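S.K.: First, the structure itself, so that you have it in front of you.
The values are calculated or read from the model by the stated rules, or taken from the named source; none is laboratory data. Note that this is a predicted model, so its numbers are computed, not measured. Note that each Cβ is placed from the backbone with ideal geometry, even for glycine, and that neighbours are counted across all protein chains shown. SASA here: full protein model, heavy atoms, side chains in, ligands and nucleic acids out. Shrake-Rupley method; radii C 1.70, N 1.55, O 1.52, S 1.80 Å.
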Amino acid sequence: MTGHKPSVIANPWRRLSAWTDARIGLGRAGISLPTHEMLAFQLAHAQARDAVHLPLDTSALMKDLAELTERIKALLPHEPVHLQSQASDRITYLQRPDLGRRLSQKSCEALDRLGHTGDSPVDLALVVADGLSSYGVQENAVGFLEALLANLEADDQTWELAPLIVVSQGRVAIGDDVGHRLNARCVVVLIGERPGLSSPDSLGLYLTWAPEPGLTDASRNCISNIRPAGLSFEEASRRLGYLLREARRQEVSGVPLKDRSEETVIDQGIGNFLLR
């Protein structure tokens, strides 16, 4: 009597899934995927669609940012501000990317009333935009900001910050408009990244020195995949801190500004080893 053959044939590559969220070594049932793998794929696809279409809970986010501002008055003396792009709703945002890159007229007037457009610029403007993943912003923006602001407080240089800005239906380039109107030397946009089938909750950062409308992506530096299963808040804030200091020193961003933060860590490690 022959033994019963398993309905699912395992794949030896499956062991690699311990180090990645990618779908690898899924096995097979006959000529098809195992049922549980197909269901997991459908769930991931639904989560990715939700990340794009579900609205960001701006009320909860603004409340969290107000509490953060209250705790760090030395760096954030102003209340956070909620703005809107020219894309009035999600469908318009998805169909007209250009409108997500510009502030609405009402938001422009609100920024101008803040009074940060004088001769004395602020060092940094931080902008939070929903982008293509409300999950990424809702789950990670406040935690990352806490890590970043702690690093800026401990920095040898003094940083003067504009009010925290939240933009609904915003894309990356809207930071140029915001930073320019706030007379900021540098702007960093925190934005929900386009979701993948294993990462619906990813947050991205885009840094631009001397922001103004009309800049291209060549003027920006990007740090991506900030989430619990990706780049940690602490590591992302360390890398951004390095780029901010270098942008301030060289007065550039984008292609001319290289991320050599890993070289700094290696040099420090070698130095500490030699001191032992």
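S.K.: Show the residue pairs meeting these rules: Cβ distance below 7 Å; 6+ apart or different chains; first residue within region 206-227 and without any contact (Cβ under 8 Å) to a residue 60 or more places away in the chain and within 16 Å of GLY192 (Cβ to Cβ); second residue open to solvent by less than 50 Å² (accessible area, probe 1.4 Å) and among the basic types (Lys, Arg).
M.R.: Taking only residues 6 or more apart or on different chains, the pairs are TYR206/ARG220.
S.K.: Confirm whether SER88 is open to solvent by less than 30 Å² (accessible area, probe 1.4 Å) and either at positive phi or among the polar types (S, T, N, Q) (or both). Give the steps one after another, and end with the answer.
M.R.: Details: open to solvent by less than 30 Å² (accessible area, probe 1.4 Å): no; either at positive phi or among the polar types (S, T, N, Q) (or both): yes.
Considered against the rule, which asks whether it is open to solvent by less than 30 Å² (accessible area, probe 1.4 Å) and either at positive phi or among the polar types (S, T, N, Q) (or both), SER88 comes out as no.
S.K.: Has region 254-273 got at least one residue that is modelled with pLDDT of 95 or more, open to solvent by less than 70 Å² (accessible area, probe 1.4 Å) and assigned to a helix (DSSP H, G or I)?
M.R.: Checking region 254-273: not a single residue is modelled with pLDDT of 95 or more, open to solvent by less than 70 Å² (accessible area, probe 1.4 Å) and assigned to a helix (DSSP H, G or I).
S.K.: Provide a single number: the residues in region 200-246 that are surrounded by 23 or more Cβ atoms within 10 Å (Cβ to Cβ), closer than 16 Å to TYR135 by Cα and hydroxyl-bearing (Ser, Thr, Tyr).
M.R.: 1
S.K.: Which of (1) within 18 Å of the chain's Cα centre (by Cα); (2) farther than 16 Å from ALA129 by Cα; (3) among the charged types (D, E, K, R) does LYS73 not meet, given it meets every other one?
M.R.: (1)
S.K.: Closer than 30 Å to GLU160 by Cβ and either under 25 Å from the mean Cα position of the chain (by Cα) or loosely packed, with under 15 Cβ neighbours inside 10 Å (or both) - does that describe any residue in region 39-53? First the steps, then the outcome.
M.R.: The initial filter retains those residues of region 39-53 that are closer than 30 Å to GLU160 by Cβ, namely none.
For region 39-53, residues closer than 30 Å to GLU160 by Cβ and either under 25 Å from the mean Cα position of the chain (by Cα) or loosely packed, with under 15 Cβ neighbours inside 10 Å (or both): absent.
Okay, residues lined up against (1) at negative phi; (2) without any contact (Cβ under 8 Å) to a residue 24 or more places away in the chain; (3) of a type outside the set (Lys, Arg); (4) out of contact with any Phe, Trp or Tyr (no Cβ under 9 Å at 6 or more places or on another chain):
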position	(1), (2), (3), (4)
VAL142	yes, no, yes, yes
LEU148	yes, no, yes, no
GLN169	no, no, yes, no
VAL172	yes, no, yes, no
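S.K.: Here is a list of conditions, (1) open to solvent by 20 Å² or more (accessible area, probe 1.4 Å); (2) touching a residue at least 12 places away in the same chain (Cβ under 8 Å); (3) acidic (Asp, Glu), and ASP156 meets all of them except one; can you say which number that is?
M.R.: All conditions pass for ASP156, except number (2).
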